[in-house]
Amino acid sequence: MPFVSLAQNDKDVSIPLDHFYVDRQGVGLFRRLLSKVHFGLSTGYGSTKFRHNLEDFGIYQPASGNPYLFNPTTPANGLFNWFNEAVDTTLTINPGEFLVSPDTASIGFRSKSFNIPLRLTAHVEIKQRYRIGAGYSFEFTKVNDFEPLSFGNDINSYEPEVSSFFLKKYFVLLGASVYRYDNYLLTVDAQIGGYSLGKKFDKAVIDKGMFFNLGAMVEREMSEYFRLFIRPSIEFKGYDLNVAEAGTSIRHRMNAFYINVGASYRIPELRRCYDKLCRAQINHAHGNREYRSRVHPIWKKQNPHYGENYPNLIKYKGKNKRKLNPY
């Protein structure tokens, strides 16, 4: 009887793995894109130095009260409230009162005030190094009295009509990470944008430019989603207050130094596990959908491939750590 082979080809005898493994459903496009965005919130302290360039004006100091500015070509035309608006007045100069013209010396005023900023940012990281984003800052600014740059014995401090105001800033953010040590990251960045001085300023006579903020941020990576940071920075900005009657303007500089402290958070790509009884620490699946752990805190570093909630077993902790045999 001839021999008959009963062998089958490999395709016929292969194990149908699709009966044992389920194709996991991927993350949606919107959530994948959103997981690339880092949101930051911070507050802190700022010190603003106001300084006024009065090279085109003279200063008249009456017997008491605030000093006035005047046009050297028409000394009777005075100006007060020249910090946030330009208000004209007629000067009556009495004998013995102090008067200084702009060609006599370098005259002007300066003030050191403080800010309390609240800043919100959003940025994406390219190749885990470069950053691009945008932000908004809302700051309470306290305005102290202005001290004269010269003739301090003859000119009183100038008390502006505005004692405080809210400064609003909107900007683009550009940065790059330059150094890493363990979980610490050093990033230098720049914020460039515009600002609003608030309702207490006469915007019809004010010309503003852009502001430039340069800072260095030290971040502590608490986890793959959560960071704490501190950011010292310096900022340059100013505005011109136009005086139509004098045909010139007063340059106001308001450079500042800031220290911001805050936190940033990145929305995870995977959804949190829906099962309240699930205690898996790693990324895992239920059915055909993948989830992240619901028991791992966002402020603790986590390897998504194995749990790190308890890197040291209980039997090695406390009084047990002195035992040669912890069992």
- Taking the stated definitions as given, is TYR265 aromatic (Phe, Trp, Tyr), in a strand (DSSP E or B) and surrounded by fewer than 19 Cβ atoms within 10 Å (Cβ to Cβ)? yes
- Query: Counting just the residues of region 146-201 that are in a loop (DSSP other than H, G, I, E, B) and either in contact with a helix residue (DSSP H, G or I) (Cβ under 6 Å, 6 or more places away or on another chain) or aromatic (Phe, Trp, Tyr) (or both), which one comes out modelled with the highest pLDDT?
  - Reply: PHE201
- Query: In region 140-176, which residues are touching a Ser or Thr at 6+ places or on another chain (Cβ under 7 Å) and either among the hydroxyl-bearing types (Ser, Thr, Tyr) or not assigned by TED's automatic domain parsing to the domain that holds PRO102 (or both)?
  - Reply: THR141, SER150, SER164
- Task: Quick one: PRO95 ticks every box in (1) part of a strand (DSSP E or B); (2) of a type outside the set (A, V, I, L, M); (3) surrounded by fewer than 14 Cβ atoms within 10 Å (Cβ to Cβ) except a single one, so which number is it?
- Result: (1)
- Message: Can you tell me which of (1) surrounded by fewer than 14 Cβ atoms within 10 Å (Cβ to Cβ); (2) in contact (Cβ under 8 Å) with a residue 60 or more places away in the chain; (3) among the basic types (Lys, Arg) is the one LYS199 doesn't meet?
- Response: (2)
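Evaluate the following for PHE212: is it at pLDDT 90 or above, of a type outside the set (Asp, Glu) and not in a strand (DSSP E or B)?
Judged against the criteria, PHE212 is not a match.
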- Item | Residue that is nearest to GLU161 (Cα to Cα), among those in region 74-92 that are touching a residue at least 24 places away in the same chain (Cβ under 8 Å) and part of a loop (DSSP other than H, G, I, E, B) | ASN81
- Message: Looking at region 23-45, can you tell me whether even one residue there is within 21 Å of VAL172 (Cα to Cα), basic (Lys, Arg), surrounded by 12 or more Cβ atoms within 10 Å (Cβ to Cβ) and in contact (Cβ under 8 Å) with a residue 24 or more places away in the chain?
- Response: yes
- Taking region 140-172 and keeping only residues that are surrounded by 15 or more Cβ atoms within 10 Å (Cβ to Cβ) and of a type in the set (Lys, Arg), one is left with LYS169
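The values are calculated or read from the model by the stated rules, or taken from the named source; none is laboratory data. The shown structure was predicted, so the numbers you read here are calculated from the model rather than taken from an experiment. As a convention, Cβ positions derive from the backbone with ideal geometry for all residues, glycine included, and neighbour counts pool all protein chains shown.
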